[in-house]
Amino acid sequence: MKKLLIFLLMFSQLFILTGCWGDRTIIDQTLITGFGIDFKDNQYIVTVQALNFSNIAKQEGGAQQVPAPPLIGQAKGKTIQSAFNKIEERSPIPLYYGHVSSIVLSKSVIEDKMKEVSSFISGRPLLRYTVWIYGTERNIKDIYLSHSFFYLPFLYTTVYDPDERSRGSLILLSLKFHQFISRYSQPVGTVLIPLLDIDDQSFKEQKEDKVAYLNGAFAIAQKKYKGQVTIKDLNSLNFMKQENYSTPLLLEKDKVNLEVRSSKGSVKVIKGGKKPKYIINIKTEVTVAQNENHLNNKEISSKAGKKIKKEILKTIKIGEELHADLLNISEKPYRFDRHDWTIKAMNEVKVDSIKDIKVHVRILGSKAYKR
């Protein structure tokens, strides 16, 4: 009798348990992994990229013999939401945005429509604050149709994996949406949105691969577009902060090749003037990869220090021309001494704002070669 009562009690619970009859499986949805936003002729152009299952992960036994192309959708609208609505209305399978990990913006959007884009991304519940943000002057559709090597999934590209350590200095240009938000509204400093370009000459399989890569950045300061900079303009970022990867430092017309293993910069603010002055301290550790001119360690350290100082001054000068603090050194007085100067004074970071640049280069040794 006791067992019967227990059975009846358990059986009755089945009628009040919720089920999952309304849930969709993965195969019933189109997984959007990235999208782009352009603005032309007073209309937003939205481009979405979706990957099928053979695109999502590497296949057992290696890469595919036949590439599975990504699905590209595109629509126009007076607003960003209306453009997305048109894509969703015409899709035979519902679109799911919970796996979006990259957003590519055109130059025209970065110049004039960042407020609208920021509001849209923040308002979509399925879009995460950890998505990667990029800009481009290329056709966004071409960016999402670029290749990986050996028919590997599109997820194994710079667009979805900019933090790959082997890419060296490009890591410093990676930007997530929450990082953009934290800097965009600040009255000092600059946001650098990585610039995506396409290389169709360096690599070839059956035909020339079209590979997306980082080729500079768009600068935004005080919510205004300031201009475009190249990778070479931003070399000094490697010396302000670098760890867990190495980058080359070439001297003596490329005959002396150093590898920067770690580098850290600090900023000291000098008070007493109408605007802040700065002393920049750089501590860098390098190894010698090649030394055809047979320089001794003292000579290498001296020449490397001069090269690093030159790179930092170059970035500051370019920032002065753009009216943007590309190294974000103005954040130091803003955070700790904001009552000593006006916001306008703190934003005037020029070459003459730098009182001194002190560089200490430590040589760890030379690479050992197999004999």
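The values are calculated or read from the model by the stated rules, or taken from the named source; none is laboratory data. Predicted model, so just to flag it, every value in this text is computed and none were measured. Counting neighbours? That spans all protein chains shown, and the Cβs are built from the backbone with ideal geometry, glycine included.
Comparison of Lys274, Lys307, Lys317 shows that the only residue that is out of contact with any helix residue (DSSP H, G or I) (no Cβ under 6 Å at 6 or more places or on another chain) and farther than 16 Å from Asn257 by Cα is Lys274.
Yes or no: region 330-344 includes at least one residue that is crowded, with 20+ Cβ neighbours inside 10 Å, outside any helix (DSSP H, G or I) and under 24 Å from the mean Cα position of the chain (by Cα). Yes, that holds for at least one residue.
The lone criterion from (1) surrounded by fewer than 20 Cβ atoms within 10 Å (Cβ to Cβ); (2) farther than 25 Å from Thr136 by Cα left unmet by Leu249 is number (1). Annotation: of all residues in region 205-236 being assigned to a helix (DSSP H, G or I) and surrounded by 18 or more Cβ atoms within 10 Å (Cβ to Cβ), the one that is farthest from the chain's Cα centre (by Cα) is Asp233. Picking from residues in region 128-161 that are modelled with pLDDT of 90 or more and among the polar types (S, T, N, Q), the one that is nearest to Ser174 (Cα to Cα) is Thr130.
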